[in-house]
Amino acid sequence: QVQVVESGGGLVQVGGSLRLTCVASGIFSPNNAMSWHRQAPGKQRELVALITSGDTSKYAESVKDRFTISRDNAKNTVYLQMNSLKPEDTAVYYCKAAMTYGTYWGQGTQVTVSS
């Protein structure tokens with residue numbers, strides 16, 4: 001089993017930056033993927049960025065060239081660097097750990113971008 005804890009959310013002005021951190025504890029399967037998702041009020045949860053154990057990453061079109069996902073395997077930590085933030089980035093951001101034996105979510109961290 002894996003426990004996932006996010007941090008780093010907050011209130012930021014348009015054009016600002018934030019870095020989200022996701023720490024996962026437990027036993028990782030050799031093949032795994034860590035990802036960030038977000039859910040705005042009244043909307044479905046959506047994938048923001050994903051990074052595999054092989055360091056392949058992919059992004060939602062809406063955040064390409066603004067957000068960067070990275071991972072530190074020694075620390076079981078995944079980061080989401082968010083630059084040039086827009087009001088539409090406002091949402092609760094969730095980290096997900098996908099292992100070959102199961103999927104685990106964190107509790108979420110609020111990101112609010114004010115105009």
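The values are calculated or read from the model by the stated rules, or taken from the named source; none is laboratory data. Being a predicted model, the structure only gives us computed values, none of them experimental. No Cβ is skipped: glycine too gets one built from the backbone with ideal geometry, and neighbour counts run over all protein chains shown. Ligands, DNA and RNA are stripped out before the accessible areas are found, and what is left, the full protein with its side chains, is counted by its heavy atoms. Shrake-Rupley method; radii C 1.70, N 1.55, O 1.52, S 1.80 Å.
Which condition number in (1) closer than 18 Å to G26 by Cα; (2) of a type outside the set (D, E, K, R); (3) modelled with pLDDT under 95 is the one that S115 fails?
The failed condition is (1).
So V113 fits all but one of (1) open to solvent by 50 Å² or more (accessible area, probe 1.4 Å); (2) within 17 Å of K43 (Cβ to Cβ); (3) not in a helix (DSSP H, G or I); (4) not aromatic (F, W, Y); what number is the exception?
(1)
If I go through the stretch 69-88 residue by residue, how many of them are among the acidic types (D, E) and closer than 14 Å to M34 by Cα?
Summing the residues that are among the acidic types (D, E) and closer than 14 Å to M34 by Cα in the stretch 69-88 gives 1.
Pairs, please: C-beta under 8 Å, at least 6 apart or cross-chain, first residue closer than 13 Å to G106 by Cα and in the stretch 13-29, second among the polar types (S, T, N, Q) and open to solvent by less than 30 Å² (accessible area, probe 1.4 Å)?
Filtered contacts from the stretch 13-29: L20/T109; T21/T77; C22/T77; V23/T77; A24/T77.
Of all the strands (runs of 3 or more DSSP E) wholly in the stretch 5-98, which have at least 2 residues that are open to solvent by 60 Å² or more (accessible area, probe 1.4 Å), modelled with pLDDT of 95 or more and touching a Ser or Thr at 6+ places or on another chain (Cβ under 6 Å)?
Numbers: elements: 10-13, 18-26, 33-39, 46-52, 57-59, 67-72, 77-82.
Where strands (runs of 3 or more DSSP E) fall fully within the stretch 5-98 and carry at least 2 residues being open to solvent by 60 Å² or more (accessible area, probe 1.4 Å), modelled with pLDDT of 95 or more and touching a Ser or Thr at 6+ places or on another chain (Cβ under 6 Å), they are 10-13.
Filter the stretch 18-31 for residues that are of a type in the set (S, T, N, Q) and in contact with a strand residue (DSSP E or B) (Cβ under 6 Å, 6 or more places away or on another chain) and give the result.
T21, S25, S29
For the stretch 1-26, what are the residues that are more than 22 Å from P87 (Cβ to Cβ) and touching a Cys at 6+ places or on another chain (Cβ under 6 Å)?
Listed by number, the residues that qualify are V4, C22.
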